[in-house]
Every structure is written in structure tokens, then in C-alpha cells.
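Step one of this worksheet: look at the structure below.
The values are calculated or read from the model by the stated rules, or taken from the named source; none is laboratory data. Remember, predicted model here, so these are calculated numbers, not experimental data. Counting neighbours? That spans all protein chains shown, and the Cβs are built from the backbone with ideal geometry, glycine included.
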Amino acid sequence: MGINQWQSKLWYRAYYSSDHVSVPTLPMVATLTADGARFESDAGHIFYRWQYIRDAARVGGYVRFTITPIECQHIPVRAFRDDAHLKEFLTSALFYVNNQGATASGETRPNA
């Protein structure tokens with residue numbers, strides 16, 4: 001077995017180990033506010049301000065929040081009650097992304 005094959009095998013084993021996937025697969029709660037999007041699980045939470053979220057879109061079976069080209073947060077479509085709930089959530093997320101933190105009343109706050 002060559003070094004590249006050995007390295008790939010070790011990476012694959014580590015990446016897909018139960019230790020590695022146990023935290024990312026915990027149930028999460030996503031909350032949208034005028035300030036940003038919060039993603040929480042039993043392991044912790046992360047908060048992104050809207051000006052740092054590049055896009056929110058439905059991609060296949062997920063709603064994807066793009067932070068950088070390689071950093072994203074995904075919400076499975078099955079997490080929504082129904083299509084109307086999904087549409088309402090995505091519409092709100094896109095409003096905030098497109099207005100970089102606009103308040104629900106439509107006022108746009110200046111970026112610091």
C-alpha cells in the first residue's frame with residue numbers, strides 16, 4: 001500500500017469515526033433574529049451575524065446557510081412542520097441575508 005493510500009485510509013477512518021460524527025449529528029435548534037442566526041445543540045452554540053452569512057437557500061433536502069465557501073450550516077428539510085413553515089423560515093432568512101441585518105420593521109442598521 002502506497003503512502004497516499006495509507007494516508008487516505010487513515011483520514012477516512014478518522015473522519016467517519018463515531019467520535020468525529022457524534023457532535024455534528026446532535027439535534028440542533030436554529031433561531032433567526034434581527035441580529036443573526038443561532039445554531040444550538042447540547043454540545044454548544046454558534047451565532048453568525050447576518051453580514052457574515054453569504055446566502056441562505058434550499059439545496060436538495062437541506063436549507064443551507066453559507067458562511068464561507070467551505071463553512072456552512074445545514075438544516076434538514078424534514079425538521080420543518082410542513083412546506084409553509086419551510087417557506088416562512090427561508091423567506092425570513094433571505095430577508096435578513098439580503099438586508100444585512102435589517103430589522104423586522106424594515107429599518108436597515110448600519111454595519112459597524
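Which of the residues belonging to the stretch 56-101 are at positive phi and surrounded by 15 or more Cβ atoms within 10 Å (Cβ to Cβ)?
GLN100, GLY101
Can you say whether ALA14 is outside any helix (DSSP H, G or I) and either at pLDDT below 90 or not hydroxyl-bearing (Ser, Thr, Tyr) (or both), as far as the supplied structure shows?
No.
Could you list, in sequence order, the residues of the stretch 37-55 that are within 11 Å of the chain's Cα centre (by Cα), of a type in the set (A, V, I, L, M, F, W, C) and buried (at least 16 other Cβ atoms within 10 Å of the Cβ)?
Scanning the stretch 37-55 gives ALA37, PHE39, ILE53.
So ALA34 passes all but one of these: (1) modelled with pLDDT of 85 or more; (2) surrounded by fewer than 14 Cβ atoms within 10 Å (Cβ to Cβ); (3) not in a strand (DSSP E or B); (4) not hydroxyl-bearing (Ser, Thr, Tyr). Which condition number does it fail?
(2)
Select from the stretch 52-94 the residues that are under 21 Å from GLU40 (Cβ atoms) and assigned to a helix (DSSP H, G or I) and list them in ascending order.
Listed by number, the residues that qualify are TYR52, VAL77, ARG78, ALA79, HIS85, LEU86, GLU88, PHE89, LEU90, SER92, ALA93.
Quick one: in the stretch 39-51, of everything that is part of a strand (DSSP E or B) and touching a Gly at 6+ places or on another chain (Cβ under 6 Å), which residue is nearest to ASN99 (Cα to Cα)?
ARG49
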